[in-house]
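Below: the structure, in structure tokens.
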Amino acid sequence: MLTLKNPNGLARAVVALLAGNILFDVLLGLFEVRWLMADAMPYTFDPAVFGQVDLNVASNMAFTLFTATAVVFIVWFHRLRKNAEVWAPDLQGRKPGWAIGGWFVPIANLWIPRGIAVDIWRASRWQPYAADGSRGLVLLNAWWACWVASWVVEKVGTRLYRHDDTPEAYDAAAAWALAYYALDAAAAVLAILVVRRLTSMQHAKAAGMIPAAQ
């Protein structure tokens, strides 16, 4: 028998981790700004607000935090997908396992998780079978568009860094990297809003439908 599971604790952890990612996006973006303004690679950054920070250390910490965020986010996402199965199984286009595996399919991960998120969103509404409305999925779509854009920009920037044998090439790579950090921070802000909204929707619906779900 399918049962509901509370996603609130996982949601709080995801929000905290996403906030940490935003801080690192800002910090690493400032490294790129300093490069573009000074024409010299700043391996340390020393404003009073951050203290002495090493670029390699900051990058490694950012990657570790990103990995932790991805793991916790996917666990939260899978839990919401399982809850959606309780309320509207016929609206779910993919099995619950895809809420995990869909993120790891090359190229297809640019649309599979978004489709699952839409199915979860619809099932989590008070009226799952109602029409989406003109603004029903605006927040979710904005988050996904930002995330895909950041992914594309990061890939371009990475390729440019591999061929940064001239100052001009490095300037171009740094500009793309700066654009990536800006988009990634925006995607993280929107992800926080999506996590809070979906978790709130499921919490409210569970409070009113637990007897029916049993």
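The values are calculated or read from the model by the stated rules, or taken from the named source; none is laboratory data. None of these values were measured; they are calculated from a predicted model. No Cβ is skipped: glycine too gets one built from the backbone with ideal geometry, and neighbour counts run over all protein chains shown.
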Checklist entry - Can you name the helices (runs of 4 or more DSSP H) wholly within the range 45-150 that have at least 1 residues being among the aliphatic types (A, V, I, L, M) and without any contact (Cβ under 8 Å) to a residue 12 or more places away in the chain? => result 55-87
Checklist outcome for this item: In the range 93-142, anything over 16 Å from the mean Cα position of the chain (by Cα), among the basic types (Lys, Arg) and surrounded by 15 or more Cβ atoms within 10 Å (Cβ to Cβ) is listed as Arg94, Arg122, Arg125
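Conditions (1) more than 24 Å from Leu17 (Cβ to Cβ); (2) charged (D, E, K, R), marked per residue:
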| residue | (1), (2) |
| --- | --- |
| Ala117 | no, no |
| Gln127 | yes, no |
| Ser134 | yes, no |
| Leu139 | no, no |
| Cys146 | no, no |
| Trp151 | no, no |
| Ala174 | yes, no |
| Leu178 | no, no |
| Asp184 | no, yes |
Item to check | Candidate set: the range 163-212, residues that are modelled with pLDDT under 95 and among the β-branched types (Val, Ile, Thr); chosen: the one nearest to Trp151 (Cα to Cα) | outcome: Thr166
